[in-house]
Amino acid sequence: MISVEGLKVEFGVKPLFQDVSFVVNDRDRIALVGKNGAGKSTLLKIICGLQKATSGVVAIPNDTTIGYLPQVMILQDDTTVREEARKAFAGNTQQKARLEKMNRELGERTDYDSDDYLALVQRYTEEHERYQMMGADNYEAEIERTLSGLGFVRTDLERPTSEFSGGWRMRIELAKILLQKPDVLLLDEPTNHLDIESIQWLEQFLAQSSSAVMLVSHDRAFINNVTNRTLEISCGRVIDYRVKYNDYVNLRAERREQQLRAYMNQQKEIADMKSFIERFRYKATKAVQVQQKVKQLEKIVPIEIDEVDNSAMHLKFPPCLRSGDYPLICDEVEKSYGEHRVFSDVTFTIKRGEKVAFVGKNGEGKSTLVKCIMNEIPFKGNLKIGHNVQIGYFAQNQAQLLDEKLTVFQTIDNVAKGDVRLRINDILGAFMFGGEESDKRVKVLSGGERSRLAMIKLLLEPVNLLILDEPTNHLDMQSKDVLKEAIMAFDGTAIIVSHDREFLDGLVTKVYEFGGGKVREHLGGIYDFLRRKRIETLDQLGMNTPQLQVKSSAEVVANVAQGMKDEKADEAISAKMQYLERKEQQKKVKRVEKSIKEVENKISKLEDRIKELDDILCTPEGASDMTIVTEYTSIKKLIDQETDRWEQLCEELEALA
C-alpha cells in the first residue's frame, strides 16, 4: 500500500535517520517505537506529506487515503461538537452529486456496447461502492456511535467546541479521522487524552477496522492489544520486527547481546591490528604486512550498538517521617458547581502504605477530589488528613510553577540532597534530559518537557503521601518504568490518577471508580477491576454504558412524570427499608472484616513458623529429619487453604460493599 525507500532526514550535521526502507501493507498494525527525539513523529509527517525528507521516496497509490492525528494541532472553536464531526463527511455531498450525474448519463445514453459506456458503468459501480462503504446514508448514527465511544454524552453534541478543554477537542479530531475511514491511519500518541474506557473502545474499533494502522504510543498495553508489527528507530536506522511489542522487547535484548559480542570481537581485532602496526612500523622487513594491516583497518566498518535506555537505573524517594496509620479519611464528602453535582457521599479510608488508583471517565470528578484533598477548592463533608502527613502533589499546572530562569540541571540540583546529587545526570537522562538537554533553560521547554521536569523534582522531595494526577502523559516507556519502580519502592502512601493500565498494573492494590456522582471501592489491581467491570457491563449494559439514543419530547415527559409518581409512592416504604438494610449490611460487613483479620493473623503465624523450619532444613540434621519435613509440608498446605479462605472472604466483603 505504502512503500518507503532510502529515506533520509537531516536537520544538522548528523542525520536524524537514513537509508530507511519498509512497506506498509493492507491491514498492517504497526507500532513505531524509539527513544524521544529518534524521529518517530517526523516519519509520520513525511508519510502523510506534511514534511519533506532530505532524500528518498515515499510511494503512495493515488486512490489511497491517509488519516493523520498529530500530538498537537490547531483546533477550530466556531461550531458545535456534532457540526465539527460532520466535517468528516464533507466529501459525501460532492460524491453524491457525481453519482447522480453518472446515473443520469447512463440513463440517457444508448451506446450500451461501447467501451466508453462500459468504462462509465465500471466507474459508477466503484464510486457507489465507496459511497456505501463510507456509510453515507447513515452518517448521523455513525457520528453518535463514535463520539459516544470516545466519552461524549448526548447533551455534549450540541455544545460549542470552545466549551471543551484541549484534550476533549483532540477527541473530536480523532473522531473525525476515524469517521473518514481512511485506508491508512497514522496516530501520534492517540491515548494521551483518553480515559481507560475510551482507550478500550478505540482498541476494539481499530481491531475491527479495515484500515492499516501506524501509531506512536507510550501506552504499552494499548500497543500490545492493537499492533502486530514493530518498527524501531535506533542509531539513525529502522529495524523491522514482525511481532507484538512484548515479543519485540525480548528480540531486541537478544539482538543487542549479539551486537555487544560482535562489537567486543571487533574492538579486539582493531586493538590487535593497531598493536601490530605500532610494533613493526619502523621495520623494513615488515613494511608490506604493516601496509596491509593499515588498509584492513581503514576498511573496517564500526559495529553500532542499539541506543541504550536508562530503565535499569534505580531511583528511590528520599526517606521521610512516618505518617499516621490513616493518612486520608473521607466522610460523606460532596462537591457541586452550582446545580451540577460532581460527586456526593464519598466515604473511604486510605491506610498508610497503600497505593490506590482513581479511575473513571474524564469529567467524573477524579481531579476535583484531588483538589479537595489539597484544600484548593471548597467542599461539603469531612475530609481529614492524618497525623504527620507530608504531601507531594503532581498536577499538570505544577509545570507552570517552575523557575523559568534556571536551567534543567539547576532546577534539580536545588532540590537534590546527599548522594543523589552525584547521580543528577543519570536521573535527567532517564527522563529524556541527557547531554546538552540538561543545559536548557526552563523558559524554552515545551509543556511536556516541563511536566517531566516537575515530576523529577517531586521524586527528590521527602514526602510520605504522593498524589499524582496523570503522571505518565508525557513520559516514554523507559521513563515510566523508572517512575513505576520508584513508586513501588516508596514506603509511603500513593494516590494515582491515571488511565495507563500497564503503569497501574502491579502498582496499586485498590481501585476507586468515579462515575454517576459516586465513588466505589474495588479491592485488587487494575486488571482485576477491569475484569469485574466487563462482567458488570455485560449484565447491566444499559445502566453502565449509556448509549446515545434519540427520544421524542413526549416520551421524555412521560418517563419523567411516571418516575416522579413512582418515587412518591415508594418514598415512605423506601426510607424505612433502607435504614433496616443498611443496619443489617453493617453487621455483615463487621463480621466479615473480623473473619478476614483472624485469617490474616493465622497466616502470619504460619508463615513465621515456615521461616523457622526453613532455617532448620538448611542444616544437615534438619534436612534428614522426616518430622520436620512432614510439619513443613502440612503447614504449607494450611497456608494455601487459609489463603483461599482469605480470598473468598475478601470477595464476600467486596460484594457487601
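The values are calculated or read from the model by the stated rules, or taken from the named source; none is laboratory data. Remember, predicted model here, so these are calculated numbers, not experimental data. All Cβ positions, glycine included, derive from the backbone under ideal geometry; neighbour counts span all protein chains shown. Keep in mind that these areas ignore ligands, DNA and RNA; they rest on the heavy atoms of the full protein, side chains included. Shrake-Rupley method; radii C 1.70, N 1.55, O 1.52, S 1.80 Å.
Quote the FRET efficiency, to the nearest 0.05, computed for Lys518 versus Lys602 with a Förster distance R0 of 41 Å and r equal to the Cβ-Cβ distance. Could you put the intermediate results ahead of the total?
Numbers: r = 35 Å, r/R0 = 0.85.
FRET efficiency, Lys518 to Lys602: 0.70.
Calculate the spin-label point distance for Asp413 paired with Thr54, positioning each point 7 Å from the Cα along the beta-carbon direction, and give it in nanometres.
3.4
Which whole-Hz ³J(HN,Hα) couplings does region 275-285 yield from phi under the Karplus relation 6.51 cos²θ - 1.76 cosθ + 1.60, θ = phi - 60°, glycine and proline marked x?
Running phi through 6.51 cos²θ - 1.76 cosθ + 1.60 with θ = phi - 60° gives 5, 5, 5, 5, 6, 10, 4, 9, 9, 4, 5 Hz.
Starting from the Cα of Asn103, step 7 Å along the direction of its Cβ; do the same at Arg279; then give the gap between the two resulting points in nm.
According to this spin-label approximation, the distance is 8.9 nm.
If amide H atoms are built 1.01 Å from N in the plane of the peptide, which residues on other chains or at least 5 residues away come under 5 Å of the amide H of Val243?
Counting only residues 5 or more places away or on other chains, the set is Thr230.
Calculate, for Ile616 and Asp528, the FRET efficiency according to 1/(1 + (r/R0)^6) with r their C-beta to C-beta distance and R0 41 Å; round to the nearest 0.05.
Between Ile616 and Asp528 the formula returns 0.65.
Could you name the aspartates and glutamates in cross-link range of Lys283, using Cα to Cα under 19 Å and dropping any fewer than eight places away on the same chain?
Asp272
P(r) of region 358-478 in 5 Å steps, Cα pairs, percent per bin?
2, 10, 19, 20, 20, 12, 9, 6, 2, 0, 0
In whole Hz, with x marking every Gly and Pro, tabulate ³J(HN,Hα) for region 24-29 from phi via Karplus 6.51 cos²θ - 1.76 cosθ + 1.60, θ = phi - 60°.
9, 9, 4, 6, 5, 10
Determine the order of Trp646, Trp201 by accessible area, beginning with the largest, at a probe radius of 1.4 Å.
Values: Trp646 85, Trp201 55 Å².
Sorted descending by solvent-accessible area, the residues read Trp646, Trp201.
Cα-Cα over 24 Å: which of Lys268/Lys299; Lys316/Lys351; Lys35/Lys484; Lys484/Lys594; Lys14/Lys45; Lys268/Lys293?
On the way: Lys268/Lys299 16 Å; Lys316/Lys351 21 Å; Lys35/Lys484 18 Å; Lys484/Lys594 33 Å; Lys14/Lys45 20 Å; Lys268/Lys293 14 Å.
As for pairs spanning more than 24 Å Cα to Cα, those are Lys484/Lys594.
Given a Förster distance of 25 angstrom, what is the FRET efficiency for Ser209 paired with Arg123, based on the Cβ-Cβ distance and rounded to 0.05? Please report the intermediate quantities before stating the final value.
Working: r = 26 Å, r/R0 = 1.05.
So, using R0 = 25 Å, E works out to roughly 0.40.
Over all Cα pairs of region 415-502, how is the pair count split among 5 Å bins, expressed in % and running from 0 up to the last occupied bin?
3, 12, 24, 27, 20, 10, 4, 0
Can you run phi through the Karplus equation (6.51, -1.76, 1.60; θ = phi - 60°) for region 517-523 and list ³J(HN,Hα) in whole Hz, with x for Gly and Pro?
Going residue by residue, I get x, 10, 10, 10, 8, 10, 6 Hz, with x marking Gly and Pro.
I'd like to compare 407-415, 498-506, 318-326, 283-291: which one has the highest average count of other Cβ atoms within 10 Å, and what's the full order after that? Write down the numbers at each step before the final one.
Working: 407-415: 18.0, 498-506: 21.7, 318-326: 14.4, 283-291: 11.3.
Ranking, from highest mean packing down: 498-506, 407-415, 318-326, 283-291.
Could you sort 45-55, 122-132, 143-153 so that the peptide with the highest average Cβ count within 10 Å comes first and the rest follow in order? Could you put the intermediate results ahead of the total?
On the way: 45-55: 15.6, 122-132: 13.0, 143-153: 20.1.
Top to bottom by mean Cβ count within 10 Å: 143-153, 45-55, 122-132.
Mark the label point 7 Å from the Cα of Arg341 along Cα→Cβ and return the residues of region 501-530 whose backbone N is within less than 12 Å of it.
516-519
Quick one: compute a quarter of the convex hull surface over the Cα atoms of region 329-401 and quote it in nm².
Details: hull surface 23.4 nm².
Computed as one quarter of the Cα hull surface, the answer is 5.9 nm².
Express the Stokes-Einstein translational diffusion coefficient of region 153-291 in µm² s⁻¹, to the nearest whole number, given a Kirkwood radius over alpha-carbon pairs, 25 °C and a viscosity of 0.890 mPa s. Could the numbers behind the result be given before it?
Working: Rh = 19.7 Å.
Answer from the Stokes-Einstein relation: 124 µm²/s.
With N set to the number of residues, divide the alpha-carbon radius of gyration of region 119-228 by 2.2 N^0.38 Å and report two decimals. Could you put the intermediate results ahead of the total?
On the way: Rg = 15.8 Å, N = 110, 2.2 N^0.38 = 13.1 Å.
That ratio works out to 1.20.
If the reach is capped at under 21 angstrom between alpha carbons, list the lysines near Lys637, excluding any in the same chain fewer than eight residues apart.
Once the sequence-local lysines are set aside, what remains near Lys637 is Lys597, Lys602, Lys605, Lys611.
Could you work out how far apart the two model spin labels at Gln267 and Lys286 are, taking each label as a point 7 Å from the Cα in the direction of the beta carbon, and quote it in nm?
Simple spin-label model gives 2.4 nm for this pair.
Place a label point 7 angstrom from the Cα of Arg27 along the Cα-to-Cβ direction, then list the residues of region 179-223 whose backbone nitrogen is under 17 Å away.
Taking a point 7 Å out along Cα→Cβ of Arg27, the residues of region 179-223 whose backbone N falls under 17 Å are 182-185, 204-214.
Could you pull out every residue, at least 5 positions away or on a different chain, whose amide H is within less than 5 Å of the one on Ser55? Hs are placed 1.01 Å off N in the peptide plane, and Pro or chain starts have none.
Residues meeting the criterion, in which the H sits 1.01 Å from N, are Lys8.
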